[in-house]
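Reading through the structure tokens given below for one structure.
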Amino acid sequence: MPAKVVVVGSLNMDLVTRAQRLPRAGETLHGKSFATVSGGKGANQAVASARLGAQVSMIGCVGNDAYGGQLRAALLAEQIDCRALTSVEGSSGVALIVVDDSSQNAIVIVAGANSLLTPGVVAGFDAVLAAADVIICQLEVPMQTVGYVLKRGRELGKTVILNPAPATGPLPADWYSSIDYLIPNEGEASALSGLPVDSLESAELAANQLIAAGAGKVIITLGAQGSLFANGQSVEHFPAPKVKAVDTTAAGDTFVGGFAAALASGKSEAWAIRFGQVAAALSVTRAGAQPSIPSLSDVQAFKAP
């Protein structure tokens, strides 16, 4: 049977423009291009898990606007189960994204329908959670909903992954005991731990602090430096595959989705981390969020230059 991954989280329509550089405060720049692309951290991670071999269900909310229909259609095209994707009155979530010539980005998110994904909505789809091997959450939906899903996942005995993005400060202390894998990037790890994270050494300190807070295991994604894995007994650094980056949008989501798909299928943690890293590396060689996410065959065919 295929590994079953359930993603509880956000769906956004990404409004993407490319410019020579990111604008400064009060500055107007001429952009080079514009596109609307299906995104949102939850939907991106669902697409990544589906393309990388898992059977995926999405729990989330979209608006009854044109974007809502497009976001749903994008998931259905990936064979993702959308029976728990609820349409609500109002606008869908949107993300305004500027990508510069060095492939860095700046993003502003308007939650829209994502703010209406309440614990009550999720509770109505408890059978979907119960059927999962792995449950993934992020922080683009209400915090009380994330807390509910983490605890319910623990009650159901599922493997629970939290990608704490976007994180602006520490997590609620009672969340940590329900998290099997906490997967922040450098900035998020710094926000959660209160420590600067700008090297492998500082990432190790932050990871160990998060484990001391109660997280089961921590993977800090470090961009071109790879990933750092800590489990309370040991720490391991996984160097990143070398590629030429075009657009880093959704690289972290691709890693999380790929890691979850591999883990749900019974692969080891180390194998799943390397698999997620190759998928993320391939994603940065392409533009856009969901369009950049590779397939399982892409990852299997990858050879480092």
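The values are calculated or read from the model by the stated rules, or taken from the named source; none is laboratory data. Just so it is clear, the model here is predicted, and its values are computed rather than measured. Note that each Cβ is placed from the backbone with ideal geometry, even for glycine, and that neighbours are counted across all protein chains shown. In case anyone asks, the SASA skips ligands and DNA or RNA and just uses the protein heavy atoms, side chains included. Shrake-Rupley method; radii C 1.70, N 1.55, O 1.52, S 1.80 Å.
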Handout entry: Meets criteria (at positive phi and open to solvent by less than 20 Å² (accessible area, probe 1.4 Å)) for A272
Key = no
Handout entry: Residue count, the range 157-178 (criterion: over 15 Å from the mean Cα position of the chain (by Cα), open to solvent by less than 50 Å² (accessible area, probe 1.4 Å) and closer than 20 Å to T118 by Cα)
Key = 4
Exercise for the section: Please name all residue pairs, on different chains or six or more residues apart, with Cβ atoms under 8 Å, provided the first residue is in the range 195-218 and is more than 18 Å from G169 (Cβ to Cβ) and outside any helix (DSSP H, G or I) and the second residue is open to solvent by less than 30 Å² (accessible area, probe 1.4 Å) and of a type in the set (S, T, Y). Expected result: G216/Y181; K217/Y181
Exercise for the section: Of the conditions (1) open to solvent by 10 Å² or more (accessible area, probe 1.4 Å); (2) in contact with a Leu (Cβ under 6 Å, 6 or more places away or on another chain); (3) β-branched (V, I, T); (4) not in a strand (DSSP E or B), T145 clears all except one; give me its number. Expected result: (1)
Handout entry: Matching option when the condition is in contact with a helix residue (DSSP H, G or I) (Cβ under 9 Å, 6 or more places away or on another chain), of a type in the set (S, T, N, Q) and surrounded by 16 or more Cβ atoms within 10 Å (Cβ to Cβ), among N12, N64
Key = N12
Exercise for the section: For L76, indicate whether it is open to solvent by 60 Å² or more (accessible area, probe 1.4 Å) and modelled with pLDDT of 95 or more. Expected result: yes
Practice task
Name, by its number, the condition in (1) of a type in the set (S, T, N, Q); (2) surrounded by fewer than 19 Cβ atoms within 10 Å (Cβ to Cβ); (3) within 30 Å of K244 (Cα to Cα) that does not hold for T118.
Solution key: (3)
